[in-house]
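The values are calculated or read from the model by the stated rules, or taken from the named source; none is laboratory data. Values in this document were obtained by computation on a predicted structure and should not be read as measured data. We place every Cβ from the backbone using ideal geometry, glycine too, and count neighbours over all the protein chains shown. When the accessible area is computed, the model is the full protein with side chains, heavy atoms only, and any ligands, DNA or RNA have been set aside. Shrake-Rupley method; radii C 1.70, N 1.55, O 1.52, S 1.80 Å.
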Amino acid sequence: MSKNKNVPAIIVMFALFFMIAFVTNFAGSMGVIVTNQFGATKALSQLGTLANFIAYACMGIPAGIILKRKGYKFTALTAVIVGLVGVAVQWISGPAESFLVYVIGAFIAGFSMCMLNIVVNPMLNTLGGGGNKGNRLIQLGGSCNSIGGTIAPILLGYLVGGELVDASVKDAAPAMIIAMAIFALAAVIISLTKIPEPHMETPEEKAARKAGKVAKDPHGPLSFRHFVLGAIAIFFYVGIEVGIPNTANIYFSELEWVGPALTGTMIGAYWLCMMIGRLAGSAIGGKVSSKTMLSVTSIAAIVFLLCFIFIPESATVTLFEKQLPVTLIFITICGLCTSVMWGAIFNLSAEGLGKYTATASGIFMTLVCGGGIIPFLQNLLADHIGSVQSYWLIIACLGYLVFYALVGSKNVNKDIKVD
């Protein structure tokens, strides 16, 4: 495939990356609202995020099968339609004043996010040529992801305003309408764009499958130790990426001298830092190994979170003519660290899988449910030991990423045929 022919497909993949973060981070930011309108605890405030990510556990493997049988274009188009329905249901939860309807909408939207992730990651890795170049393209696409992630909390914080006491789901209606419009536009663009299908089953494979003549492969993605450990790493990573800002958003929004508007801006800055980090990652991705990226950023994130835990909340700095907790700044710059982790883990995990890549992507996406489970567990801890101390769970997860980068990412199953 020539580079010029790949450009339209790459642009579409970047647009889908934007949508994934906008809708996902929107669900996370809604936690601030539901604590007020529905009287939810910190743990229950994460039910929208949990529902969004549990959908990955339900849809990961089926979506991988759909990708293999129907291809990237069909899977992407189906995903945006499902996403449109999910956001519409969340929008309805406002007038209905129903927390249950909101959670159901988040769950439906999660199916869409799962399918989109299954499309964009292997496609960008393939279009980039795999290896460090594939990682570089994923990091560049991740920058678009970060733009969507930056806009969502800032927009929601602005819509809620400076006072949390009057916040309700209906305040978020404009953001939901924007999300639905993005999905509708994406559906049109995808339907008009030619997308390569490097992993779609051939007519011969399809005929053999329908005839029941498909020989059972004794191997699969789970036969590779580095992939299994990488899937676990993704479970922890997405929990880290989401847990850091989500918990901080609720914690600082409840502080009267900080409030939801300023907190939303700083949480948006966290995702902006992710964009900056991904742009830097894309620039050096062809020169610096994924192993080095993952180990260095994981260790740095541990250091920043230790500063957040041990520096007193009373320590402040003046920013934008407002007194800002120094600890919130450490949360924000963690985005520089989490920025390149996804691409690095995916690249390390998918390396050397060959024909098992599409199936592996489905399994990989199943473990993304960590993005809902880890923040829920963290906020369950926050309800009992406090939001600050709950970050020890995130530090433990980061410790596993250091292990995976230095030890677990080595492919010890090179004897398995993958072509």
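Scanning the range 196-216 for residues that are closer than 29 Å to GLY64 by Cβ, open to solvent by less than 10 Å² (accessible area, probe 1.4 Å) and under 24 Å from the mean Cα position of the chain (by Cα) turns up nothing.
When you look at ILE267, is it touching a residue at least 60 places away in the same chain (Cβ under 8 Å), within 28 Å of ASP171 (Cβ to Cβ) and open to solvent by less than 50 Å² (accessible area, probe 1.4 Å), yes or no? Taking the combined requirement at face value, the residue satisfies it.
I need the full set of residues from the range 384-398 which are exposed (fewer than 14 other Cβ atoms within 10 Å of the Cβ) and touching a residue at least 40 places away in the same chain (Cβ under 8 Å), in order please. Selection gives GLN389 alone. Condition check for GLY161 on (1) open to solvent by less than 40 Å² (accessible area, probe 1.4 Å); (2) modelled with pLDDT of 75 or more; (3) over 30 Å from SER349 (Cβ atoms): one failure, at (2).
Conditions tested, residue by residue: (1) over 21 Å from LEU156 (Cβ atoms); (2) of a type in the set (A, V, I, L, M, F, W, C); (3) part of a loop (DSSP other than H, G, I, E, B).
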| position | (1), (2), (3) |
| --- | --- |
| ASP217 | yes, no, yes |
| VAL238 | no, yes, no |
| ASN246 | no, no, no |
| LEU262 | no, yes, no |
| GLY268 | no, no, no |
| CYS273 | no, yes, no |
| LEU294 | yes, yes, no |
| ILE299 | yes, yes, no |
| ILE302 | yes, yes, no |
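Suppose we keep only residues that are open to solvent by less than 10 Å² (accessible area, probe 1.4 Å) and at pLDDT 80 or above within the range 53-69. Which one would you say is farthest from GLY105 (Cα to Cα)? Break it down stepwise before answering.
Filtering the range 53-69 for residues open to solvent by less than 10 Å² (accessible area, probe 1.4 Å) gives 53, 55-56, 60, 63-64, 67.
Next, only the ones that are at pLDDT 80 or above stay: 53, 55-56, 63, 67.
Numbers: PHE53: 12, ALA55: 11, TYR56: 14, ALA63: 19, LEU67: 24 Å.
So, considering only residues that are open to solvent by less than 10 Å² (accessible area, probe 1.4 Å) and at pLDDT 80 or above, the one farthest from GLY105 (Cα to Cα) is LEU67.
When ALA300, ALA261 are checked against the criterion of being surrounded by fewer than 24 Cβ atoms within 10 Å (Cβ to Cβ), without any contact (Cβ under 8 Å) to a residue 40 or more places away in the chain and touching a helix residue (DSSP H, G or I) at 6+ places or on another chain (Cβ under 6 Å), a single residue qualifies: ALA300. Within the range 304-321, the set of residues being free of Cβ contacts under 8 Å to residues at least 40 places away in the same chain and assigned to a helix (DSSP H, G or I) comprises PHE304, CYS307, PHE310. Within the range 399-412, if we keep just the residues that are surrounded by fewer than 16 Cβ atoms within 10 Å (Cβ to Cβ), assigned to a loop (DSSP other than H, G, I, E, B) and not basic (Lys, Arg), the residue that is modelled with the highest pLDDT turns out to be ASN411.
Taking the listed residues PHE99, PHE14, the one that is farther than 17 Å from ALA186 by Cβ and either open to solvent by 10 Å² or more (accessible area, probe 1.4 Å) or of a type in the set (D, E, K, R) (or both) is PHE99, with no other qualifying. Does any residue of the range 359-368 turn out to be β-branched (Val, Ile, Thr) and open to solvent by less than 10 Å² (accessible area, probe 1.4 Å)? Yes, the conditions are met somewhere in the range 359-368. Within the range 369-381, the set of residues being under 14 Å from LYS42 (Cα atoms) and open to solvent by 10 Å² or more (accessible area, probe 1.4 Å) comprises ILE373, PHE376, LEU377, LEU380, LEU381.
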